[in-house]
Amino acid sequence: MMTIFEIEKPINELESAIAELRQLALEKGLDRSREIAELEAQRERLLRQIFEHLSAWDKVLLARHPKRPYALDYIRLMCESFMELHGDRLGFDDPAIVAGLGKMGGYKLVIVGQQKGRDLKERQQRNFGMAKPEGYRKAMRMFRLAEKFRLPVLTLVDTPAADPGVESESRGISESIAQSMLTLFELTVPTIAVIIGEGGSGGAIALAATNRVLMLEYAIYSVIPPEGCAAILYRDPNKAPQAAEALKLTADRALELGLIDGIIPEPLGAAHRDPQTTALSIRAAVLQQLETLSQLSPEELREQRYQRFRNIGVFQTAQ
Amino acid sequence: MQRRAAVSMIPEQWVQCIKCKKILFRPDFERALRVCTHCGYHHRLSARERILYTVDPDSFRETDAELRSADPLGFPEYAEKLRKGVATSGEQEAIITGTATLNGYEIVIGVMDFGFMGGSMGSVVGEKVTRAFERAAERKLPVIMFCASGGARMQEGLISLMQMAKTTAAVGKLHRTRMPYIAVFTDPTMAGVLASFASLADVILAEPGALVGFAGQRVAAQAGVSKAPANFQTAEFQYEHGMIDLIVPRRQIRPTLAYLLEMLLP
């Protein structure tokens, strides 16, 4: 099975060659600009070549790329200011969900995001981005705060799944997901979700019952992880690439099926090659949606959200 | 999820309990609503049996029976699985909905059938649940939902996941009318169904021994879940942790529902 690191390998090799040449030019004072420009053009061609033909599975690996920007990275890059707030007021503060108040392009927002860790220690501390019931309860507290102070809500979705452990089960993980969706449905302020990485089933939709749902170009959104689907369908988790194809879990498929409202393009080579540009694209897309949604009355916002999901479903009617 | 075979057939008038393996006299077993007369194990019921045991005789009127699943993703083996579901369960989909009376109270009722593709929720289940709640909200009727499901239906991909949100929103619509919504978790009530409309009931009942939980055993094992107590993901476990109001033996479900309706209706 080809991993994303393998398809990136030739690019990474070119990039180190470019960096070496630059270093050399700097140290020796030699003009190597022609060689550098040539290599950069090569890199660009190669990137285009690779990214033109990505499979669903390539996108799964990109969505899970260890260097992919996470919620807090985007929040730092796209907000003028942000203050993180903590705790569910029921005894816990889940590090897998970050939440707070941020300013962005003239809007004051409540922002709730799922947060993975960058190194091993942080990854464990953030539970690999798998929220527990207290995470969703923290999110609900923030949603209610948004309602009370008439602030729009932005959620940044990036989770492999909600936490399936014993602790989470004993504190009502299912109930917390259901309540989180219900709380979002009751809001009368504009709500927008952006799937920035992995949109892992119930763990993701808990934060995505919103007026608008956008996806980054290489994010995924799925009812089941491709590995789990392959285990059921082919009795072989190694057939995850085929399962990824069958599940139609990529942004372009979700848009074709009318399940999301837009795709936010990523820079050439995906978000991790240029987090700044990606953040600005997210910001622009969110601001555009906020402008449209701000025209709606509180009751219209709630009704639009209801109808948005009400109309999803494909079935036939027998005579 | 643990696979449980249907009650195995022993010739003539005898059946074997799948839990304690004792041989039971079929008329006794049926009279006990398919609860083992030795060990009390609650065998699974089909949706039609459940309706028969729950509502007033001849009061059930089915709604939206004409809805059929499509195959929007062209998913491998889905069409075949649907055909098999019809053949094994005798139903067209994994839920039956309708109106009925229970002890004279007019209700909207939904009953899931595990025999149809594991009671999984795709577009048709999502639509029928949503219409049931919308109809109840419009006519100001209480809702009773008998849940039996492995979760969202993988074969409809993201469309199935969206049914969680859709049904949740519909429950919200009923809540605003102050009409009661009572859920009964039967074996098994899992994942996408548990994490949406099922958990949002005003009062939640469960049958003894029912499997009730978020992640199926396979998913949980993959995620390295260990040190699970013996009763992990049972109705009893959920009851101990405050997620279920009452565990009610099958025979007591009808009178319990009647009492709750009497208490909660205006």
Q. Taking only DSSP H segments of four or more residues, each worth -39500 (n - 2.57), what value at 222 nm results for chain A once the sum is divided by all its residues, to the nearest 500 deg cm²/dmol?
A. -15500 deg cm²/dmol
Q. Of all the accessible heavy-atom surface of chain A, with the other protein chains kept in place and a 1.4 Å probe, what percent is carbon and sulfur?
A. 53 percent
**Q.** Nearest-ten-degree value, helix A:33-52 long axis tilted from longest Cα axis of chain A
**A.** 40 degrees
**Q.** Debye intensity ratio I(q)/I(0), log10, the protein assembly as shown, q values 0.12 Å⁻¹ (C-alpha model)
**A.** -1.18
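Could you tell me the relative contact order of chain B? Use alpha-carbon pairs under 8 Å, at least six residues apart, and round to a whole percent. All intermediate terms of the calculation are to be shown ahead of the outcome.
Details: 512 pairs, mean separation 38.6, N = 266.
Computed over chain B, the figure is 15 percent.
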Q: Collect residues whose amide H, placed 1.01 Å from N in the peptide plane, falls under 5 Å from the amide H of residue B:212; neighbours closer than 5 in sequence don't count.
A: B:189, B:234, B:235
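Can you work out D for region A:4-53 in µm² s⁻¹ from Stokes-Einstein, where Rh is the Kirkwood radius over C-alpha pairs, the temperature is 4 °C and the viscosity is 1.567 mPa s?
Translational D for this selection: 112 µm²/s.
So what is the relative contact order for chain A, in percent, with contacts set as C-alpha pairs under 8 Å and at least six apart? Let's see the in-between values first.
On the way: 571 pairs, mean separation 49.9, N = 319.
Reported as a whole number, the value is 16 percent.
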Q. Highest GNM mean-square fluctuation, chain A, Cα pairs closer than 10 Å: which of A:154, A:296, A:120?
A. A:120
Q.
Spelling out what I want: for every residue of region A:60-76, take phi, set θ = phi - 60°, compute 6.51 cos²θ - 1.76 cosθ + 1.60 (Karplus), and round to whole Hz; glycine and proline get x.
A. 4, 5, 5, 5, 9, 4, x, 9, 4, x, 9, 3, 5, 4, 5, 4, 4
Q.
Quick test of your reading: applying the under-4.7 Å Cβ rule, which cysteines of chain B are isolated?
A. B:147
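So, with +1 on the Cβ of K and R and -1 on the Cβ of D and E, and no other charges, what is the size of the charge dipole of region A:4-53 about its Cα centre, to the nearest 20 debye?
Values: 8 positive and 12 negative charges, 25 e Å.
Once rounded to the nearest 20, the dipole reads 120 debye.
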Q.
Below 8 Å, C-alpha to C-alpha, sequence gap of six or more: please give me the relative contact order for region A:247-297 in percent.
A. 22 percent
Q. Out of A:17, B:32, A:311, whose Cα points farthest toward the positive end of the dipole of the protein assembly as shown (charges: +1 Lys, Arg; -1 Asp, Glu; placed on Cβ)?
A. B:32
Q: Would you work out what percent of the accessible area of region B:152-218, with all protein chains in place, is carbon or sulfur (probe 1.4 Å)?
A: 49 percent
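Let me check I've understood the local charge: for residue B:181, count other residues with C-beta under 11 angstrom from its C-beta, Lys and Arg +1, Asp and Glu -1. What total comes out? Don't skip to the answer; put the middle values down first.
Values: positive: B:173, B:178; negative: B:202.
Summing Lys/Arg as +1 and Asp/Glu as -1 gives +1.
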Q: Answer with one residue from B:174, B:190, B:157: the one whose Cα lies farthest towards the positive end of the charge dipole of region B:131-222, charges on Cβ with Lys, Arg +1 and Asp, Glu -1.
A: B:174
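Rounded to the nearest 20 debye, what is the charge dipole size of the protein assembly as shown about its Cα centre when +1 sits on each Lys and Arg Cβ and -1 on each Asp and Glu Cβ? Mind dumping the intermediate values first?
Details: 71 positive and 70 negative charges, 197 e Å.
It comes to approximately 940 debye.
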Q) Where both residues lie in chain B, what percent of DSSP beta bridges are antiparallel, nearest 5? A) 50 percent
**Q.** Long-range amide H partners of residue B:22 with built H, under 5 Å
**A.** B:17
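Please compute how much accessible surface disappears when A pairs with B, both sides summed, using a 1.4 Å probe, and round it to the nearest 100 Å².
Working: alone 15870 and 12960 Å², together 24110 Å².
Counting protein atoms only, the buried area is about 4700 Å².
Leaving out ligands and nucleic acids, and using a 1.4 Å probe, what accessible area per residue does the protein assembly as shown come to in Å²?
Averaged over the residues of the protein assembly as shown, the accessible area is 41 Å².
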Q) Under a straight-distance cross-link criterion of Cα-Cα below 19 Å, which lysines are reachable from residue A:116, leaving out those fewer than 8 residues away in the same chain? A) A:59, A:67, A:132, A:138
Q: Would you please classify the overall shape of chain B from the alpha carbon gyration tensor, given that a ≥ b ≥ c denote the square roots of the eigenvalues, rounded means a/c under 1.5, and beyond that prolate means a/b larger than b/c while oblate covers the rest?
A: rounded
Q: Write down the percent of antiparallel bridges among all DSSP beta bridges whose residues are both part of the protein assembly as shown, to the nearest 5.
A: 50 percent
Q: Report, to the nearest 10°, how far helix A:173-186 tilts away from the longest principal axis of the Cα atoms in chain A, using its own Cα long axis and a range of 0 to 90°.
A: 80 degrees
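The values are calculated or read from the model by the stated rules, or taken from the named source; none is laboratory data. Quick caveat, the model's predicted, so the values are computed rather than measured. As a convention, Cβ positions derive from the backbone with ideal geometry for all residues, glycine included, and neighbour counts pool all protein chains shown. What goes into the accessible areas is simple: the full protein's heavy atoms, side chains included, and nothing from ligands, DNA or RNA. Shrake-Rupley method; radii C 1.70, N 1.55, O 1.52, S 1.80 Å.
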